[in-house]
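Laboratory data are not the source of any read-out in this text; all were calculated from the coordinates shown. Small disclaimer: the values here were computed from a predicted structure and weren't measured. Quick reminder, even Gly has a Cβ in these numbers, built from the backbone with ideal geometry, and neighbours come from all protein chains shown.
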Amino acid sequence: MKYRLGLAVASLALGSVAASPSFAASQAATAGITNRTIGYVLTLREWSIHRTPGAKQECPDGVNDGEREHFKLLHPEDGKQRTILDTQLKWESETWHPKVTPEPYGYHEVKGKISKGLNLDGKVDADDFTSPDGERGIDNQLYRAIGCLAGYNNPQPYMTFFEGNAVRRNNFNRTLIEITEVDDLVNDPDVTVTTYRGRDNLLNDASGNNFLPGGTQRIDARFGKEFVSTFKGKIEDGVLTTQTADLRLPLTIAFDSTGVHVIKDARFRLKLTGDYAEGNIGGYVDVWSWYLQLNSGWATHHQNYGQVSSPSLWRLMNRLADAHPDEKGQNTAISGSIDVQFARTHVIHPNKPVAADGTAPRTTQASRE
């Protein structure tokens, strides 16, 4: 009887320890960390767009027309004979060799005061936004440029949907972050964040729409070197913030294109847990690389599903660009922000075992390193 009573008391004691807030907090702080390292794989990314019903608040002048509408203005069906050289080919030439001449059509930019994103320059200027939760000084001029395009801002934003789908389905777009020198996911004053491109499919449930923590991602060490960047950072109250570094993010959508977004002075702000991370990547987006990716990833025909007119957008992005001037004084980068979500993954480095017993993990795909 005394023996059984002793077991009961011991069980109650252990139960009280497991349920204590301090013990649970300690578990949360270290969940997912192995050898002071935790990895995440990108499962969702979209340009930070603040949307209101009907876009009335941000686009009081309405959303923009696309290239079909602009083409009809240039070449109306008036019976006049026109050549392909002076019509379709001329338009394609202006798409790939855009100009900053005065905008002939009238092209609407965002006029609202609210935007998601980050304060990149530490200032509060007249052309800055305020975040939905009240933070002032948000720098997101890219949103001002694309926020009145139906492809990025309507109840079912066509371009946002397909870009997000491509990020999840196409392994060319597989983006990893690995946080090292980390002891605590709640508070840690000094961590290192490194980005890589992965090579493997995402881990998802049977629906195909929900992405699960766990699994592995092999680093693309052969073709992914340009996507490696290193950031110093810290974690406060479960939020990771980093210092700045240049970042390249892969994005292919269709036609086997190999697009890249170049973000100068990029930084992360992510809410971390042992299984997921979400937040923003902010920085100054290289205007030419963004525009090139748009036109290589989307045909003119497909851009018109989202009412995008590339030559007009080029003029607007150049007018709104706010950083990194060239030798002529023209800014070449535009402040922007990406909403991102990550799921925890085990990052496999080339020729480095990750299993606890020191052996390499088993994989169903042959390595090409």
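Quick notes on this one:
- HN-Hα J in Hz across the stretch 78-84 - Karplus 6.51, -1.76, 1.60, θ = phi - 60°, x for Gly and Pro: 10, x, 6, 6, 9, 8, 4
- Distance between modelled label sites at ASP275 and GLN156, nm, 7 Å Cα→Cβ extension: 3.1
- P(r), alpha carbons of the stretch 58-104 - 10 Å bins starting at zero, rounded %: 20, 49, 25, 6, 0
- Taking the Kirkwood radius as Rh and the Cα radius of gyration as Rg, the stretch 90-130 has a ratio of Rg/Rh equal to 1.16.
- Basic side chains Lys and Arg get +1 at the Cβ, acidic Asp and Glu get -1 at the Cβ, and with that the dipole of the chain about its Cα centre reaches some 940 debye.
- The stretch 29-53-the stretch 222-244 distance, computed between alpha-carbon centres (Å): 12
- Directionally averaged projected area (the stretch 27-89, Cα convex hull): 10.5 nm².
- Net length available on complete extension from ALA254 to THR241 is 1.4 nm, with 0.36 nm assigned per residue and the Cα-Cα distance removed.
- For a paramagnetic label modelled on ALA31 (point 7 Å from Cα along Cα→Cβ), amide N atoms under 16 Å away belong, within the stretch 170-196, to 184-187.
- For the set LYS56/LYS80; LYS56/LYS234; LYS113/LYS264, the pairs lying more than 31 angstrom apart at their alpha carbons are LYS56/LYS80; LYS56/LYS234.
- With the simple spin-label model, which puts each label point 7 Å out from Cα in the Cβ direction, the ASN351 to ARG136 separation comes to 5.5 nm.
- FRET efficiency, LYS72 to THR192 (Cβ-Cβ, R0 35 Å, nearest 0.05): 0.05
- Among PRO76, LEU89, PRO53 the positive-end extreme of the charge dipole of the stretch 38-99 (Cβ point charges): PRO53
- 9 Å beta-carbon shell around GLU226, net charge (K/R +1, D/E -1): +3
- Proximal aspartates and glutamates to LYS123, defined as alpha-carbon separation beneath 15 angstrom and excluding residues fewer than eight positions away on the same chain: GLU135, ASP139, ASP322
- With distances taken between every two different alpha-carbon atoms, the chain has a Kirkwood hydrodynamic radius of 22.8 Å.
- Calculated log₁₀ intensity ratio I(q)/I(0) where the Debye formula runs over C-alpha points of the stretch 81-194, q = 0.11, 0.17, 0.20 Å⁻¹: -0.69, -1.18, -1.21
- Loop-located trypsin sites (Lys or Arg not before Pro) in the stretch 149-228 (DSSP state other than H, G, I, E, B) with a sparse environment of at most 11 neighbouring Cβ atoms within 10 Å: ARG222.
- Pair-distance profile P(r), taking every C-alpha pair of the stretch 147-251, with 10 angstrom steps and integer %: 13, 31, 37, 18, 1
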